[in-house]
Amino acid sequence: MRMVLISDLDGIWIKTNHKIFDEINKKLTGKVIENKELSKLKRLARIGRMSSFKMGYIIYQKNGFKNFIELRVNFRKLEIKNAKRIYKIVHGAKETLRKLKRKNIRIFILTDSPNESCYLKIILDKIGLLRYFDEVFTSHDLGMEKPSAFKCFTFLNDSYKVYFLGHDDDEIIGAKKFGFLTIGLKNKNADIYISKIEELSNIL
């Protein structure tokens, strides 16, 4: 039977260095940007209630900058330019992905993100991972976060053996409820446990 792997992104294939975002903001504005409403704004962007671009310029606007749209444009340019510093590929990830693709396993990324999938694809292409994924889905575009977002993929169960690869309890438990076999990276609540990403290619 054909196989599909639905996978989380951050903490599985990449690790994000959030400190670089502070560096970018300091370069653009001369200070580290803080906003008490940031969590609320990120939540709205993650479920598609506002664009991630708008989320960013609202933060600049609330910090008193009049050129907030220009700042947001420049922030995104610097994020893409510094993508390899911000988004570090996990050790062994590329070789594991190569092995999975040689087995003709379809790999879908499903990530809770305030970003549109088209923008995330630019980032993944910049760091050299996009070629390994058949499609990239974000909660922003789906309008819901995991585990609710799994309902968009239940149709795959009719034609594929579907696995979900993640590391958070709520996602793994949620994926099971939607009928997916689960693989947990350092999470024993899953059907299958792995301690490092390199073990994945021996399972699938």
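The values are calculated or read from the model by the stated rules, or taken from the named source; none is laboratory data. Keep in mind that this is a model prediction, so the values were computed, not measured. Here Cβ is always computed from backbone atoms with ideal geometry, including for glycine, and neighbour counts include all displayed protein chains. These accessible areas exclude ligands, DNA and RNA; they are computed on the full protein's heavy atoms, side chains included. Shrake-Rupley method; radii C 1.70, N 1.55, O 1.52, S 1.80 Å.
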Would you calculate the separation in nanometres between label points at SER159 and ASP141, each defined as 7 Å from the Cα along the Cα-to-beta-carbon direction? 1.8
Accessible area per residue, Å², the chain with all protein chains present, probe 1.4 Å: 52
Rounded to the nearest 0.05, what FRET efficiency do SER148 and LYS66 have when you use their Cβ-Cβ distance and R0 = 30 Å? 0.20
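Contour minus end-to-end for HIS18 and ARG43, with contour as 0.36 nm per residue of separation and end-to-end as the Cα-Cα distance?
Details: separation 25, 0.36 × 25 = 9.00 nm, distance 1.71 nm.
The HIS18-ARG43 span can extend by a further 7.3 nm.
Kindly rank 113-119, 189-195 from highest to lowest mean number of other beta carbons found within 10 Å of each residue.
Details: 113-119: 18.9, 189-195: 15.6.
Descending packing order for the listed peptides: 113-119, 189-195.
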Descending Cα extents along the principal axes, the stretch 109-159, whole Å: 33, 26, 13
Amide H proximity to SER7 below 5 Å, modelled H, separation 5+ or other chain, gives PHE108, ILE109, LEU110, LEU165
Rounded to the nearest 0.05, what FRET efficiency do GLU199 and ILE122 have when you use their Cβ-Cβ distance and R0 = 25 Å? 0.25
